[in-house]
Every structure is written in C-alpha cells, then in structure tokens.
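S.K.: First the structure, which I've put down as structure tokens, then a few questions once you've had a look.
The values are calculated or read from the model by the stated rules, or taken from the named source; none is laboratory data. On a predicted model such as this, the values are computed, not experimentally measured, just so you know. In this analysis, Cβ positions are derived from the backbone assuming ideal geometry, glycine residues included, and neighbour counts consider all displayed protein chains. For the accessible areas, the whole protein counts, side chains as well, though only heavy atoms, and no ligand, DNA or RNA atoms are used. Shrake-Rupley method; radii C 1.70, N 1.55, O 1.52, S 1.80 Å.
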Amino acid sequence: MLFGFKKYRTRNLRHYVITQKNHFNNFLIIGKLLCLIFIGLIPSQVFAYKQVSAGYDHSCALKNNGSIVCWGAGKTNTGKFPEVGQSIPPQGSFTYVSANIQYTCGLKSSGNIVCWGSDGFYRVTGVPKGIFTQVSAGTGHVCALKDNGNIVCWGYNDHGELDSPSGSFTQITSGGSHSCALKNDKSVVCWGAGKTTRGNLAGSNDGYDEYGQSIPPMGSFTQLAAGALHTCGIKDNDGSIVCWGAGKTNTGKNFEFGQSIPPTGSFTQVSTNLYNTCAIKKDGGNIVCWGPSTHGGIPPQGNFIQVGVGMFHACGIKSDGSIVCWGAGKTNTGEFQEFGQSIPPQIDNAVPEQEGATTPTTPEDDLFADVILQGTMPLFYSETGDVLASKATIQSVEKGAIEAIWRLGGDSKTSRGDRVIWGYFYANPDDVSWGNKENPDLYVKIWYDVSGRIDVNFFHVSVPNIDVYSSKSNGSNDSILTNTATTDKRYIRHTYNADNTQNAAVIDTRNASVIKAQYPRDKVYDVITSSAIKTVEKGNIAGKIGGGGTSFTSRGDLVVWGYFHADPADVSWGNTNNPEVFGKIWKDISGRIDVNFFHVSVPDINISSKLTDMNNNTIASIYNSTVTTNKRYSRHEYTPN
C-alpha cells in the first residue's frame, strides 16, 4: 500500500473571539473581551467520505484517507447469492470506487484497478494491467480510462459492450449493456446496446435492450451517468440535464417510468440506474430524484456534494462528509432487497476514540469553521491565554502571490503534557490548476513544550517559494515572524520562548539525501514505505502510519501524502497525532515517482520505499536513507526505464 492511515478526533474548546487587524490581514486574534461562543479547532476531514457508489444490494464509499468501506450484501463470500464478497474491499489507498450487481471495482492511488465480488464474465479476474484514471462498473462489463485518455473495456460482450471507440476521453460511464464517454471537446459518444429504439424484442438477441440509450444528443456536456437502459448528461452551457433511452414516458410499462424526464434547473452531478435518476441542484445542494418513488425512496433534504443511485436505493454524501441513504435496505432481514445497503457507517462510528483526542466540530461551530476553512489562517489558543496564529502565501507563476488554505490534521497531548498540533497549507484550486486540499504545499507541526516554549515548524513540500508567517499574542506582547521557504531551504522554525523572546531559523536543506533507482514502467502496481525510529529508550522502533490522502492534479499527476508516528506503547512521546516523518509521493505524468520524506522529530529516522508489481514482488527499492535534525529532507527518485 502507499501511506496507510490512523484515525482520531479533535476536542471542542470554548473561546472568546475578537477580530483585530493590528499586524496584517486575515489574522483573527482570540481574546477575552467579547461574548462567549462555542468554537472548535477544525477537525481533519481525513476520515469523512468523499465519494459513494450504490450497487444492486450493496453500497461502497471512499473515505478521504483513501480507504474503501462497503455495507449491505456480500460481507461474506459463501458463493451463494447474494453473499459473493462484493462488500469485502481490499486494503490500500484508492481514488474511486464503482459498485454494480454483485461486484465492485476500485481505482488504486497507484492507478491500478482492483475488482472484487462475483467474477461473472471475468469482470474481476479479467482486469487489465496498466495505469488508469477512471473506472466504471456496468452490469456485466467494466470500462476504464487509461492515463493517456484511451478506453479499455472487459467482461460481457454480447451487445458490443467491449467495442469502445478510439481516441482520448475525459470521462467514462458504464450501464446495463452500454457505455458512454466524454470526448476532449465535451461531446458524447456511446456504444453497446441501444443504438436503435426498438425496445426489448423477446427472443431477438440483436433487439434486446434497444431503447436508444446509446444515441446521445449533440452538444457539450460536463458529466455523464449511464443507467441500465438510459443515459443522462449535464449540459455544459447551463447545467441542465438531458436524458436519452428508456423512460421518456411514464406509463409504468416496458421500463417507461419517467426516469428520462429530468426536472428543469441547473445541476452539478447526476447518477442513475434502472428505474431512478437523481441529481444535485446547483443552488443549495439538494438532491432531486425522478422515476418511481416506490423503487428508490424519497431523498432527504440537505446540502449534498455527491449522489450514487442503486437498483432500489440511493446514497448521498453531505457537505460535512457524512453519508445518508434512502430506499430499500433500511433493515438487514435478508428479505427482498433488505440487505442493509441503506445503513451506512457514519464518521463517528468509523473513528475510534483515542487518549488525548477530541471531538469534531458541531453545527454550533459553523461560524468559526467558515472563517478558518474559507480563509487562510489557523488560530491556536493556549491554556495560559496566548494565541498563536499563522498563515502562508504561495508565490505562484500563474497568479503571483496567493494565500494558501489551512487544513488541520490533529491536536493532542503527549503523556508528559506537551501539546502537538499538525496540519498543512495548500493552494486554493480556484487560484491554480494544481491546487487541491489533498496536495499539501507546506506541512506545519507546532510543539507546545511543557517548559513553555512554542516551536512552529514549517516544511516546504512544493515547488514555488512560500512566505510563512506566525504571530503570538499574550495580551502584553504581540510579535510577528516571517520567512520564505524554498526548494533549497525547505525547513523553517519559529520559536517563541517562555520569557517572551522569539527567533526564526531558516534551514538550508540542499544537503538532502537524494537516492535514485529505475523501474520497469508497465509493472509498477504499488508503492510501499516504511520507517525505523532510533529511540534512546528502546533502540529502533517501527514507525506507525498516520493520516493522509490522495488526489490527482488537473493534468494527471498523482499525489499521495501521509506520515509516520511513534507507537505510544513504545515511547512516552509516541502519539497518533505526533508526526515524526511527513511523507509526500508524487507520481508525475512522465512516469517519474518521487517519494519525499521530511523529518519533524528529534531522533534519527531510517526511511525506506519500494515499488511492487501485482503479485507483490519488489521491482525497485531504496532502503535505509536517514533523516536527522541536521538532514531533514530525503527524496527517493524512481524513473521508468
């Protein structure tokens, strides 16, 4: 796997809030003068959900940390319907999941595809090798987009499901016996069943499933969704939805349930299956569904960011990262369509309590959460009344200076009472194409020592120069420290001492250990990293994997980040929320893989990485490069041969 992930919570705090602008913009200072409100440090959304897919009798969702969770039928693999393992996802880091009838496919962070569940028509064992950017599970076939934009399909082929067109595409969607894709010019092409509108002609194979679902309209589209017998797309010019295939009427006969009669308005995403279609409205984020309500239920109200429609149920992800499902599967009796596919695991249930950890922000915290998430600057309030604030400005080529967005990772205490806060700044995707909340540009680790000293550590993990700022206010002395982090000087430390003195250190990291290796381009399947921390107490101990995430840049580069921490069972300063080594993996579209390690601790740490093939055989490796307080940075460069 790439970087694995641990789970944590963050504790709510009560603060007084006041805004001051004495030093520079966007510094919100916490004081003791105004009305009391409840606020909380913003919890990491690493363990919330970001994508969901509903199948026939099961559902699967992708967490922000890259892991997949499934529920409903298929939690065992007895081989008897419906328990064929469709809800037993493999471990590892993924970027997408797609569920259908009795099987599921996932796109790994490495770009490889894995499928599980029923192997009818070799949907599971027939997965091709290669690097892909998308995957879509149809009823009996699967289609995927390669990293060059070409389409590959496998599985059932009685209706031309595997006869994908040549060329470069940006999105793929597979339905019952057909698939559709978006071309680079945003036009639509479809293949498989549905090239005519003859309907379901009994006894005639070439007339089966012919409802026109593969006859797309002209025009430009931004997103497509293929159902069993119809297809829908969101138009580029106004966000309206157009559907074609079965369901253009609502007679209730011959699959005419109105599933192709969308409402008016502007939408951001659409999903469909056999009977129903659902979409998210642009204004307000509410979900609207059409088709027979008896086959899919009524969607709840709320602000949603993604929806997935199954055969008799649907699930949506709300803006807070939680999942809500409706329709069949609200029980797990095993009776008709009642397999628990509408009983998703929630965030709280998925994140176990840890000592010294805290709870996520509640709805009462929305005011403060908006300030932090929409703005650029985290604030940290100490028990002595001090307020620590920080921000970062990225010097981009595209737009000049842009203010980075803060994302909190964790806030906890060691067993002796030191407070540890970590997180990172990232570029706003509205400012630059490579900006993404799962693409850290500047790691931050703040150490509140029990002696009263505060160390604010910045680690540059990007390309452009980044100006970093921190400010401490204790009511009698306010101070600002500012420096610039670069590719040559990746580490900056701001220290605030107990006697109210402060200093800044900019560390030259050109002494980094850069180790290179080559690998066979077409064989790489996964990246595995490990660490060994050289402790005084117990000698070498294995680093444990902590939080992280994955993303793709707009041009197709893969980004994976995470960290290693010491096990609290080994040393007193070990804590899930006390990173010892930050990591960032960059898989360039050229094929080069950079595995970057950033030392954020005191003891020396050995770090290793290796590339493996689909059979977990090592195809390239770099072992035991060491990061220290004098050599904070190490990079493992893998280039294809």
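S.K.: Rank Ser601, Asn575, Leu611 by how far each Cα sits towards the positive end of the charge dipole of segment 548-614 (+1 on Lys, Arg Cβ; -1 on Asp, Glu Cβ) and give me just the farthest.
M.R.: Checking the options against the dipole of segment 548-614, the answer is Leu611.
S.K.: Restricting to bridges with both residues inside segment 242-325, how much of the DSSP beta-bridge set is antiparallel, in percent to the nearest 5?
M.R.: Taking every DSSP beta bridge within segment 242-325, about 100 percent pair in antiparallel fashion.
S.K.: Taking all protein chains together and a probe of 1.4 Å, list Lys63, Lys631 from the most accessible to the least accessible.
M.R.: Highest to lowest solvent-accessible surface, that is Lys631, Lys63.
S.K.: How far apart, in nm, are the 7 Å Cα→Cβ label points at Asn332 and Asp147?
M.R.: 3.9 nm
S.K.: At a threshold of 8 angstrom on Cα-Cα distance, excluding pairs fewer than six apart, so keeping six or more, what relative contact order does segment 498-583 reach in percent?
M.R.: Once normalised by length, the contact order is 18 percent.
S.K.: If you count only protein heavy atoms and use a 1.4 Å probe, how large is the accessible surface of Cys289, to the nearest 10 Å²?
M.R.: 40 Å²
S.K.: Related question: Between Val514 and Glu537, what FRET efficiency follows from the Cβ-Cβ distance if R0 is 35 Å, with the result rounded to 0.05?
M.R.: After rounding, the FRET efficiency stands at 0.65.
S.K.: Still on this structure, please answer the following. Multiplying the sequence separation of Asp430 and Asp522 by 0.36 nm and subtracting their Cα-Cα distance, what value in nm do you get? Write down the numbers at each step before the final one.
M.R.: Values: separation 92, 0.36 × 92 = 33.12 nm, distance 3.42 nm.
Full-extension gain reported as 29.7 nm.
S.K.: So how far apart, in nm, are the two label points at Asp158 and Lys631 if each is 7 Å from Cα heading toward Cβ?
M.R.: About 6.4 nm, to one decimal.
S.K.: Taking just the C-alpha trace of segment 177-275, give me its Rg and Dmax in Å.
M.R.: Rg and Dmax of segment 177-275, Cα atoms, are 13.1, 42 Å.
S.K.: To the nearest 20 debye, what is the magnitude of the charge dipole of segment 481-635 about its Cα centre, counting +1 on the Cβ of each Lys and Arg and -1 on the Cβ of each Asp and Glu?
M.R.: Here segment 481-635 has a charge dipole of around 420 debye.
S.K.: For a quick check of understanding: with a 1.4 angstrom probe and all protein chains in place, what accessible area in square angstrom does Thr133 have, to the nearest ten?
M.R.: My reading of the accessible area for Thr133 is about 50 Å².
S.K.: Give the shape of segment 64-162 as rounded, prolate or oblate, defined through the alpha-carbon gyration tensor: a ≥ b ≥ c are the square roots of its eigenvalues, a/c under 1.5 means rounded, and otherwise the shape is prolate if a/b is larger than b/c and oblate if not.
M.R.: Taking the square roots of the gyration eigenvalues as a ≥ b ≥ c, segment 64-162 is oblate.
S.K.: Can you give the accessible area of Tyr623 in Å² (nearest 10), computed on protein heavy atoms with a 1.4 Å probe?
M.R.: 130 Å²
S.K.: When the solvent-accessible surface of protein heavy atoms is calculated with a 1.4 angstrom probe, in what order do Val514, Val84 fall, highest first?
M.R.: Descending accessible area places them as Val514, Val84.
S.K.: Would you mind classifying segment 452-519 by shape? Square roots of the alpha carbon gyration tensor eigenvalues, ordered a ≥ b ≥ c; an a/c under 1.5 is rounded, otherwise it is prolate if a/b is larger than b/c and oblate if not.
M.R.: Note, shape of segment 452-519 comes out prolate.
S.K.: At a threshold of 8 angstrom on Cα-Cα distance, excluding pairs fewer than six apart, so keeping six or more, what relative contact order does segment 171-266 reach in percent?
M.R.: 22 percent
S.K.: Report the label-to-label distance for Asp499 and Thr264 in nanometres (one decimal), using points 7 Å from each Cα along the Cα→Cβ vector.
M.R.: My value for the distance between the label points is 7.4 nm.
S.K.: Explain nothing, just the number: relative contact order of segment 400-519, from Cα pairs under 8 Å at least 6 residues apart, as a whole percent.
M.R.: Numbers: 248 pairs, mean separation 19.3, N = 120.
RCO, segment 400-519: 16 percent.
S.K.: Next question, about the same structure. Calculate, in nm to one decimal, what Val450 and Val397 gain on full extension: separation in residues at 0.36 nm each, minus their alpha carbon distance.
M.R.: Between Val450 and Val397, full extension yields an extra 14.9 nm.
S.K.: Which distance in Å, rounded to a whole number, links the C-alpha centroids of segment 575-641 and segment 290-341?
M.R.: Measuring centre to centre over Cα atoms gives 41 Å.
S.K.: Here's another thing I want to ask about it. List, in the order given, every pair from Lys399/Lys631; Lys50/Lys282; Lys75/Lys437; Lys437/Lys489; Lys63/Lys610; Lys63/Lys584 whose Cα-Cα distance in the structure shown is over 27 Å. Don't skip to the answer; put the middle values down first.
M.R.: Details: Lys399/Lys631 33 Å; Lys50/Lys282 18 Å; Lys75/Lys437 32 Å; Lys437/Lys489 23 Å; Lys63/Lys610 25 Å; Lys63/Lys584 18 Å.
From Lys399/Lys631; Lys50/Lys282; Lys75/Lys437; Lys437/Lys489; Lys63/Lys610; Lys63/Lys584, over 27 Å: Lys399/Lys631; Lys75/Lys437.
S.K.: If you take the beta carbon distance between Ser240 and Ile298 as r and set R0 to 22 Å, what does 1/(1 + (r/R0)^6) give as a FRET efficiency, to the nearest 0.05? Working shown, then result.
M.R.: Details: r = 23 Å, r/R0 = 1.03.
It comes out at approximately 0.45.
S.K.: Rounded, prolate or oblate: which one fits segment 233-285, using the alpha carbon gyration tensor with axes a ≥ b ≥ c (rounded when a/c is under 1.5, else prolate when a/b beats b/c, else oblate)?
M.R.: Prolate.
S.K.: By average Cβ neighbour count within 10 Å, what is the ranking of 108-114, 170-176 from highest down?
M.R.: Ranked by mean Cβ neighbours within 10 Å, highest first: 170-176, 108-114.
S.K.: Between Arg416 and Lys489, what FRET efficiency comes out of the Förster formula 1/(1 + (r/R0)^6) with R0 = 45 Å and r the beta carbon distance, rounded to 0.05?
M.R.: For Lys489 and Arg416, the calculated efficiency is 0.90.
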